[in-house]
Every structure is written in structure tokens, then in C-alpha cells.
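Shown next, in C-alpha cells, is the structure this report addresses.
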Amino acid sequence: KSPFPGLVAYGVADASRFFGREREVDALANRLVRSPMVAVVGSSGVGKSSFVHAGVVGRLQDSHAVLTLRPGRHPMAALCDAIAAADGGQPCLEADATARLRAIGERSERGALVVIDQLEEVATLSADGAECERFARALAAAADGASAPVRVVGTLRDDFAGVLESIDGWRGQVGVFVLATPSAEALRRILIEPARRAAVAIEPAVVDDIVAQVVGRAAALPLLSFTAARLWATRDVRARVMT
């Protein structure tokens with residue numbers, strides 16, 4: 001199996017082959033200790049979903065109850081579905097969402113972690129402003145301080161960052177964690193380490209060339225991952241090297 005996902009985002013199951021973002025994962029994990037609600041903001045293609053799922057959730061899943069969702073057209077319904085899935089399948093009513101979230105967190109070793117992928121969908125897909133407001137207030141009430149048993153992390157495209165202030169329930173409540181394009185050294189680790197874990201080397205000149213061509217570009221990660229997946233498919237199997 002290729003250690004490179006190509007154009008598919010890394011998931012929680014890929015945590016062992018997710019490299020290059022260790023410093024940022026540490027920073028966000030520490031941030032969540034004191035900030036119960038944080039939006040990971042970055043440009044399209046910077047790897048926000050991979051960072052949260054394979055990096056942050058991969059780090060915290062052993063000590064936290066993890067609930068994942070996408071807002072879609074009905075964010076409150078999506079939240080209730082995630083709560084029900086994390087709570088033995090017991091249906092969740094909107095009015096009970098906050099209490100149920102806090103109860104899940106209190107039963108877990110270090111609390112509950114609610115992961116909201118593509119948070120901008122509350123602005124791009126949902127047409128019901130009242131439901132978006134209920135969604136925001138339910139989460140804010142569950143994660144209402146540093147001692148709360150719930151933490152919320154969302155991924156948000158930078159061109160929709162204003163949504164955090166446009167919804168009353170989130171205004172002034174959500175911290176921002178900016179995820180930048182990886183450095184050249186981080187790109188090297190993203191390229192080299194997954195292959196090394198699979199006992200396959202990459203020719204140094206190939207690494208130099210790929211990194212030089214994508215460093216500083218907004219689409220650096222999908223370009224690198226797609227290229228690495230294609231090179232893996234044409235590797236020298238006997239010599240165990242990507243050329």
C-alpha cells in the first residue's frame with residue numbers, strides 16, 4: 001500500500017504516516033488546554049483536514065472522546081447525529097445537545113473533542129440562519145471555558161474567516177489558529193518519512209527537485225502528495241528506491 005495518499009486527505013487511520021506538522025500539532029494541542037474553541041484557518045490546499053484528523057485527533061484520540069461532523073445544510077442535525085453516534089446510538093434532541101456533549105466529555109479521561117470539518121459550510125450550504133445560530137450556541141455552551149469537558153476544533157478556509165464573527169453565538173468565542181504552508185524542511189519530512197517507514201528510499205536529487213518546485217506555493221501539499229504517489233507506483237521494487 002502506498003504511504004502517500006495522493007489527492008485524498010489524511011485521516012485518523014493515517015496518523016502513523018503523517019509527518020511535517022509535529023510542531024503545529026503540539027502548538028494546537030497545548031492551545032486547546034486553555035482555549036476550548038479553536039478554528040484552524042488556512043488557504044485551500046494547505047492541509048487543514050489532514051492536520052486536524054491525522055495530526056491533532058491522532059494525538060488526542062486515546063485520551064478524548066472524539067466526535068466528527070460536517071455542518072452541511074443542517075448543522076444542528078449533523079451535531080445531533082454525531083452526538084448519537086458517540087453515545088451508543090441513543091437519539092439526540094436539539095434541546096439536549098449541550099447537556100449530552102458535556103456528559104460525553106465528563107465520562108471520558110480528558111473530555112470530548114468535537115471536530116467540525118469545513119466549517120464554512122454554515123455560510124455556503126445552510127440557508128437557515130436560525131439553525132446556524134442554535135448550532136453555534138449549543139457548541140459555545142458546551143465548551144464555555146477552560147474547565148469545560150468539551151473542546152471544539154473546526155477547519156475553515158481563510159476567505160470565510162468572517163463567519164466566526166457573523167454568527168452571534170461565536171462572536172468573540174472562537175480562537176484562530178493559522179495553518180501556513182509548510183517550510184522546505186517540513187516538506188522534506190512529508191516526502192521522506194512515509195517512504196522510510198515503508199523501508200523505501202527516495203533519491204536525494206528527486207527530493208531536492210520536488211521541494212524546490214513547490215515550496216511557498218499554496219498548493220504545495222497536494223502537488224507533493226500527488227507526485228509522491230505517482231513516483232511510488234513506479235519505484236524500483238528490487239532496490240526499494242523511488243527514482
- request: Please list, in chain and number order, the residues 5+ apart from GLY111 or on another chain whose amide H is under 5 Å from its amide H, with Hs placed from the backbone.
  value: ALA65
Dipole axis of segment 100-206 (+1 Lys, Arg; -1 Asp, Glu on Cβ), positive-most option in GLY172, ALA186, ALA103: ALA103
message: Taking C-beta distances below 4.7 angstrom as the pairing criterion, name the unpartnered cysteines of the chain, in sequence order.
response: CYS132
field: Computed magnitude of the charge dipole of the chain (debye, nearest 20; Cβ of K, R +1, Cβ of D, E -1)
entry: 820
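Calculated FRET efficiency, GLU203 and ALA123, Cβ-Cβ r, R0 35 Å, to nearest 0.05? Write down the numbers at each step before the final one.
Values: r = 45 Å, r/R0 = 1.29.
Rounded to the nearest 0.05, the efficiency is 0.20.
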query: In angstroms, what radius of gyration and Dmax does segment 159-211 have, counting Cα atoms only?
result: 19.0, 53
- line: A correct Karplus calculation of ³J(HN,Hα) over segment 133-146, with 6.51 cos²θ - 1.76 cosθ + 1.60, θ = phi - 60°, whole Hz and x for Gly and Pro, returns 5, 5, 4, 4, 5, 4, 5, 5, 6, 6, 10, 9, x, 4
message: List the residues, sorted by chain then number, that are 5 or more residues from VAL178 or on another chain and whose placed amide H is less than 5 Å from its amide H.
response: VAL41
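Could you give the accessible area per residue of segment 1-121, probe 1.4 Å, as a whole number in Å²?
Details: 5370 Å² over 121 residues.
For segment 1-121, the per-residue accessible area is 44 Å².
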task: State log₁₀ I(q)/I(0) for segment 13-152 at q = 0.20, 0.21 Å⁻¹ as given by the Debye formula over alpha-carbon point scatterers of equal weight, solvent excluded.
output: -1.28, -1.38
- prompt: Using θ = phi - 60° and the Karplus form 6.51 cos²θ - 1.76 cosθ + 1.60, what ³J(HN,Hα) does each residue of segment 104-118 get, whole Hz, x for Gly and Pro?
  reply: 4, x, 5, 7, 8, 4, 10, x, 9, 10, 9, 10, 10, 8, 6
task: Give me the distance between the Cα centres of segment 169-208 and segment 107-126, rounded to whole Å.
output: 23
message: Let's test this: bin the Cα-Cα distances of the chain at 5 Å from zero up to the farthest pair and state each bin's percent.
response: 1, 7, 14, 17, 17, 14, 10, 8, 6, 4, 2, 0, 0
- line: Here segment 199-206 yields Karplus 3J(HN,Hα) values (6.51, -1.76, 1.60; θ = phi - 60°; whole Hz; Gly and Pro given as x) of 6, 10, 9, 10, 4, x, 5, 5
message: If you roll a 1.4 angstrom probe over the protein chains with everything in place, what fraction of the accessible area of the chain belongs to carbon and sulfur, to the nearest %?
response: 51
Residues ARG230 and GLU94, FRET efficiency given R0 of 30 Å [Cβ-Cβ distance, rounded to 0.05]: 0.05
- line: Placing +1 on each Lys and Arg Cβ and -1 on each Asp and Glu Cβ in segment 121-243, then taking the dipole about the Cα centre, the residue among ALA142, ALA212, ALA195 whose Cα reaches farthest towards the positive end is ALA195
task: Kindly provide the pair-distance distribution of segment 115-243 built from C-alpha pairs, with 10 Å bins from 0 and whole-percent values in order of increasing distance.
output: 11, 31, 19, 20, 16, 4, 0
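The values are calculated or read from the model by the stated rules, or taken from the named source; none is laboratory data. From a predicted model like this one, the values you see are computed outputs, not experimental measurements. Cβ: placed from backbone, ideal geometry, glycine included. Neighbour counts: every protein chain shown. Ligands, DNA and RNA are excluded from the accessible area calculation, which covers all protein heavy atoms including side chains. Shrake-Rupley method; radii C 1.70, N 1.55, O 1.52, S 1.80 Å.
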